[in-house]
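One structure below.
The values are calculated or read from the model by the stated rules, or taken from the named source; none is laboratory data. Since we're looking at a predicted model, the values are computed, not measured. Glycine also receives a Cβ, built like all others from the backbone with ideal geometry; neighbour counts cover every protein chain displayed. Accessible surface is based on the protein model in full, side chains and every heavy atom, while ligands, DNA and RNA are left aside. Shrake-Rupley method; radii C 1.70, N 1.55, O 1.52, S 1.80 Å.
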Amino acid sequence: MNYTAASLVIGITLLAITVSIAVNAPHYMCIAQVSLSTIEASLRHATLNALIAHLCGKSVKTALRENIEALDPRYVPLSRYRVVECHPVDVSTPWPKALLKVEYWIALGDRAQPYNCTVKLEGYVTSTSSEGLYDVVSIKVYDERGLILSPELLSFNPKPLTVKVEDGKLKLYYPRGLRPSTIEITDTRGLRIYLST
Amino acid sequence: MRRSLTSNSHKIAQAHLLDAIIASIILMLFTITSMAILSRPPSFTPHSPPDDVLAVLAQDPSFIKAVYSLDSESLSSHVKAVIGNRPFKLAIYNASNYELLLRIGSDIEGVASIVELSGCEGKVEPIIVSLVVGS
């Protein structure tokens, strides 16, 4: 082996060692943080999930406690909370409103930041009429952000033939003579209300 | 004859000397390059944590459904709808035992935003969603 071959071998060996060290060098560990906005998002979701459980028959206090206890205090530091308002109080009765309002106190160092969280779905029938071959039920539906005017965000049971938006109302078209006495409305989150026609 | 042999051995010696010089230069270059690479930390851009992005996503019912159904395509679409074509890494962990359930996106580093979800459809099933967004 001459000098050139030897230096080539040593050079390649050094290169391989360098690449190996560079590839296996320790990288920065990924760190994480939670902020007020993500804590509030967690609490909002817990409130919603508790209300859905309540609509399925569970006591609201139990449902809320289970959801809060499931959250890790390192990610959702909570001092205390209280239920301000809840509908329906009796899930066996059809109510035109599903609502849960909770006041949370988020622990931030030595102080507690209040956070009022409301999740709701409510609505009412504005009118019923007949148009040609159809019975029409006009309704207004609200969630905590305001009036819902996109039929895609709601599902109806029984399903109407068509849904139109007119004058800030949703108009549900059913076949003439087949207008239901109660309409079940569910939003994309799973909240459910019943409207009597 | 003897003069010719002497001249030949001189030429061989010169070639060996040149060889040794070139080898030394190559070795020195490798050593300097290696030291330069190893002396500096790996490239790292401390992206700011995407708290607002994750907070917005966590309020979207279809995102929550995608999280609980571990639908990677839907999750990717939701994240890209908010951040565009920036690289991201989204990971979902079981909050009970920190088992990694799903990881999508690029292998980027940065400060992750964390949101914990307590459950879905009224059931209590806590999971942790972690998101890192690159620039």
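Out of the residues in segment A:142-151 meeting the condition of being open to solvent by 50 Å² or more (accessible area, probe 1.4 Å) and in a strand (DSSP E or B), tell me which one is nearest to residue A:46 (Cα to Cα).
In the first step, residues of segment A:142-151 are kept if they are open to solvent by 50 Å² or more (accessible area, probe 1.4 Å); the result is A:142, A:144-145, A:147, A:149.
Then keep just the ones that are in a strand (DSSP E or B); that gives A:142, A:147.
Details: A:142: 20, A:147: 23 Å.
Restricting to residues being open to solvent by 50 Å² or more (accessible area, probe 1.4 Å) and in a strand (DSSP E or B), the top hit is A:142.
Residues A:101, A:120: which one is within 21 Å of residue A:41 (Cβ to Cβ) and in contact with a Leu (Cβ under 6 Å, 6 or more places away or on another chain)? Steps first, answer last, please.
Details: A:101 fails: in contact with a Leu (Cβ under 6 Å, 6 or more places away or on another chain).
Of A:101, A:120, the one residue that is within 21 Å of residue A:41 (Cβ to Cβ) and in contact with a Leu (Cβ under 6 Å, 6 or more places away or on another chain) is A:120.
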_Leading residue by the ranking (most open to solvent (accessible area, probe 1.4 Å)) among those in segment A:33-52 that are hydrophobic (A, V, I, L, M, F, W, C) and within 7 Å of chain B (Cβ to nearest Cβ)_ = A:34
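Quick one: which of A:169, A:164, A:159 is under 22 Å from residue A:55 (Cβ atoms) and either open to solvent by 50 Å² or more (accessible area, probe 1.4 Å) or of a type in the set (S, T, N, Q) (or both)? Spell out how you get there, then give the answer.
Working: A:169 fails: under 22 Å from residue A:55 (Cβ atoms); A:164 fails: under 22 Å from residue A:55 (Cβ atoms).
One residue alone meets the criteria, A:159.
Considering only residues that are open to solvent by 20 Å² or more (accessible area, probe 1.4 Å) and assigned to a strand (DSSP E or B), which ones fall in segment B:113-129? Reasoning before the result, please.
Initial filter on segment B:113-129 (open to solvent by 20 Å² or more (accessible area, probe 1.4 Å)): B:120-121, B:123-126.
Residues satisfying the conditions are B:120, B:123, B:124, B:125, B:126.
Quick grid of which residues meet (1) within 16 Å of residue A:49 (Cα to Cα); (2) among the polar types (S, T, N, Q):
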{"position": "B:49", "(1), (2)": "no, no"}
{"position": "B:97", "(1), (2)": "no, yes"}
{"position": "B:112", "(1), (2)": "no, no"}
{"position": "B:123", "(1), (2)": "yes, no"}
_Sole exception among (1) surrounded by 15 or more Cβ atoms within 10 Å (Cβ to Cβ); (2) closer than 16 Å to residue A:61 by Cβ; (3) β-branched (Val, Ile, Thr) for residue A:84, by number_ = (1)
*Given the conditions (1) of a type outside the set (Val, Ile, Thr); (2) within 21 Å of residue A:35 (Cβ to Cβ); (3) open to solvent by 40 Å² or more (accessible area, probe 1.4 Å); (4) part of a strand (DSSP E or B), and given that residue A:103 satisfies all but one, which numbered condition is not satisfied?*
(3)
_Conditions (1) in a strand (DSSP E or B); (2) among the aliphatic types (A, V, I, L, M); (3) over 17 Å from residue A:197 (Cα atoms); number of the one not met by residue A:125_ = (3)
*Unmet criterion (only one of (1) closer than 17 Å to residue A:186 by Cβ; (2) without any contact (Cβ under 8 Å) to a residue 40 or more places away in the chain) for residue A:137*: (2)
*Taking segment A:115-136 as the region of interest, how many residues are open to solvent by 50 Å² or more (accessible area, probe 1.4 Å), of a type outside the set (Ser, Thr, Tyr) and farther than 18 Å from residue A:176 by Cβ?*
1
*Just checking, how many residues over segment B:88-112 are within 11 Å of the chain's Cα centre (by Cα) and part of a loop (DSSP other than H, G, I, E, B)?*
5
*Of the residues that sit in segment B:97-112 and are at the interface with chain A (Cβ under 7 Å from one of its Cβ atoms) and not small (Gly, Ala, Ser), which one is surrounded by the most Cβ atoms within 10 Å (Cβ to Cβ)?*
B:109
*asked:* Yes or no: segment B:49-58 includes at least one residue that is facing chain A (nearest Cβ under 10 Å), modelled with pLDDT under 95 and open to solvent by 50 Å² or more (accessible area, probe 1.4 Å).
replied: yes
*Would you mind telling me which numbered condition in (1) open to solvent by 30 Å² or more (accessible area, probe 1.4 Å); (2) assigned to a strand (DSSP E or B); (3) among the hydrophobic types (A, V, I, L, M, F, W, C); (4) out of contact with any helix residue (DSSP H, G or I) (no Cβ under 9 Å at 6 or more places or on another chain) residue A:139 fails?*
(1)
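Counting just the residues of segment A:174-186 that are over 11 Å from residue A:139 (Cα atoms) and in a strand (DSSP E or B), which one comes out nearest to the chain's Cα centre (by Cα)?
Looking only at segment A:174-186, we keep the residues that are over 11 Å from residue A:139 (Cα atoms), and these are A:174-182, A:184, A:186.
Filter once more, so that each one left must be in a strand (DSSP E or B): A:174-175, A:182, A:184, A:186.
Working: A:174: 30, A:175: 34, A:182: 26, A:184: 20, A:186: 13 Å.
Ranking the qualifying residues of segment A:174-186, first place goes to A:186.
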